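Structure first, commentary second.
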Amino acid sequence: MLEEIMQRKTFKLSIVVPVYNEASGLIDFNKELSDEITKLGTIGLKDYEIIYVDDGSSDNSVTIIKDLKKLYAPIKLISLSRNFGKESALAAGIAMACNEAVITMDGDGQHPVDVLPEIIAKWQDGARVVIGVRRKLILRCFMPLSIS
């Protein structure tokens, strides 16, 4: 079955995004993700869904996702009753995913959306699992201007 899927020129994608108190960055993250997904049509993306899994946020993350859902049809929301942890949120999202390929990304923007084409290319080349590893970690250090 996997070989059959890999032979096709088009594919369907599910992106699972666990969210915990990410309200301040969700709109920007969703725009960046949606813009990048639009570009994927050139490499065979036929259909997609973005599954946000709210892991018991106490901010207005759920409200923002519901508002985004009105603007972006492919958005789905799973709202967990309390904070179960990132792994449980990912498992819930993956269980709901209904497409041939599933990519997980953090809702806080830690995972750059511009690597999606590279991830998909590796999958299309036959990889069953693709794991992204940072090549370089950039740390920003802040020094106080004056110490009293």
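With (1) at pLDDT 95 or above; (2) under 26 Å from residue 131 (Cβ atoms) as the list, and residue 59 as the residue in question, which single condition is left unmet?
Unmet for residue 59, out of (1) at pLDDT 95 or above; (2) under 26 Å from residue 131 (Cβ atoms): (2).
State whether the residues of the stretch 62-77 include one that is under 21 Å from residue 130 (Cβ atoms), of a type in the set (D, E, K, R), modelled with pLDDT of 95 or more and crowded, with 16+ Cβ neighbours inside 10 Å.
no
Among what's in the stretch 80-108 and is small (Gly, Ala, Ser) and surrounded by fewer than 16 Cβ atoms within 10 Å (Cβ to Cβ), pick the residue that is farthest from residue 20 (Cα to Cα).
95
Given the conditions (1) in a loop (DSSP other than H, G, I, E, B); (2) more than 14 Å from the chain's Cα centre (by Cα); (3) surrounded by fewer than 15 Cβ atoms within 10 Å (Cβ to Cβ); (4) not aromatic (Phe, Trp, Tyr), and given that residue 121 satisfies all but one, which numbered condition is not satisfied?
Every listed condition holds for residue 121 apart from (1).
So, residue 10, is that one within 23 Å of residue 101 (Cα to Cα), loosely packed, with under 13 Cβ neighbours inside 10 Å and touching a strand residue (DSSP E or B) at 6+ places or on another chain (Cβ under 8 Å) or not?
yes
The values are calculated or read from the model by the stated rules, or taken from the named source; none is laboratory data. This is a predicted model, so every value here is computed, not measured. A quick note on method: Cβ atoms are made from the backbone with ideal geometry, for glycine too, and the neighbour counts reach across all protein chains shown.
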